[in-house]
Amino acid sequence: MNRWTCTAVAAALLTATWACSSSSGTPTNPSGTTTAVPDASLKVTAPTAQSPINGQRLNSLSATLTATASTSTYAPVPLQYRFQIFNDGSGLVQDSGLVGAPTWTTPVALTPNAAFTWKVRAEYQGAGGPWSSAASFSTPDPPPAYNKPIGDWQHCGSFVKDIDLAFCVWDAVRPGNLVDDMEVVKRIAWLRRDQGAGLLIKNGGDGVVLWQGYSFSASRICYADGHIYKVIIDAGAGGQNLPTFADNDFVDKSLYVPAIDPSKP
């Protein structure tokens with residue numbers, strides 16, 4: 001008479017499998033479509049979505065998703081996490097791949113004025129834990145088209161000192177909100193492009209303006225080595241939006257974008 005035997009699982013983390021059982025089939029992602037994500041066989045707790053939740057409206061077209069950490073049923077192991085974002089039609093929009101912590105910022109701008117849901121799970125050595133419950137958020141309207149007349153900023157390039165350049169461009173634009181601030185940033189970067197100045201990708205938080213397919217910082221420029229400088233103080237609607245040219249440390253070089261002609265829409 002045949003006898004079922006249980007196979008021991010590495011680190012006691014995977015659920016026991018019957019030695020003579022058949023394959024469990026192709027795994028699916030939370031929307032029900034085929035994906036390479038493993039079945040939920042990892043013995044860990046499901047993360048809990050923390051932010052954004054309950055339909056929260058973001059202030060930019062990028063999202064920083066945060067959840068509680070999973071814990072293993074047995075010995076602690078170095079878990080990784082996978083985030084997935086879905087549109088209101090349950091279509092998969094972005095997949096984080098494996099990341100080292102239960103937080104992730106979308107690298108690509110999301111569709112404006114849209115509703116999304118997201119889930120997260122822990123994974124370890126090819127096995128996946130249970131998905132979190134779905135959380136929801138929405139994105140804001142796209143930034144308004146810029147139509148404010150701007151004075152003669154081109155002559156500002158004749159200034160040798162960076163701070164003088166910043167004040168000159170600021171005086172031409174006279175910024176009063178983030179979109180105005182970004183017009184200052186564009187022009188300072190463009191006038192210093194021969195020195196390698198460019199724009200800074202910022203995928204989350206405050207002070208972000210969408211332009212040319214990127215989410216840019218509306219108050220900082222960036223150089224190819226990742227060196228960033230703040231050129232607007234107290235940016236945004238209701239802020240003073242004042243000029244400066246202050247060293248702001250370094251970021252990852254992948255966040256640098258070479259200066260783009262500010263005349264582009």
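The numbers here are math on the coordinates, done by the rules we state, and not lab data. Just so we're clear, the structure is a prediction, and the values are computed from it rather than from any experiment. Positions of Cβ are generated from backbone atoms using ideal geometry, with glycine treated the same way; all protein chains shown enter the neighbour counts.
Quick notes on this structure:
- Sites ASP261 and ASN54, calculated FRET efficiency, Cβ-Cβ separation with R0 30 Å, nearest 0.05: 0.15
- Ranked list, fewest to most other Cβ atoms within 10 Å of each Cβ, for LYS43, LYS186: LYS43, LYS186
- Amide N of the stretch 111-145 lying under 16 Å from the label point, which is placed 7 angstrom from the Cα of THR45 along Cα→Cβ: 120-123, 129-133
- Going from the fewest other Cβ atoms within 10 Å to the most, the residues THR139, THR71, THR244 appear in the order THR71, THR244, THR139.
- Separation in nanometres of the label points that stand 7 Å from Cα toward Cβ, at ASP249 and ARG193: 3.0 nm
- Sequence ranges 212-220, 55-63, ranked by mean other-Cβ count within 10 angstrom, highest first: 212-220, 55-63
- By the count of neighbouring beta-carbon atoms within 10 Å, fewest first, GLU183, GLU123 end up ordered GLU123, GLU183.
- Cross-link partners of LYS43 among lysines (Cα-Cα below 22 Å; sequence separation of 8 or more within a chain): LYS119
- Measuring between their Cα centroids, the stretch 200-231 and the stretch 50-119 lie 22 Å from each other.
- Partner lysines whose Cα lies under 27 Å from the Cα of LYS230, excluding those fewer than 8 positions away in the same chain, are identified as LYS148, LYS161, LYS186, LYS202, LYS253, LYS264.
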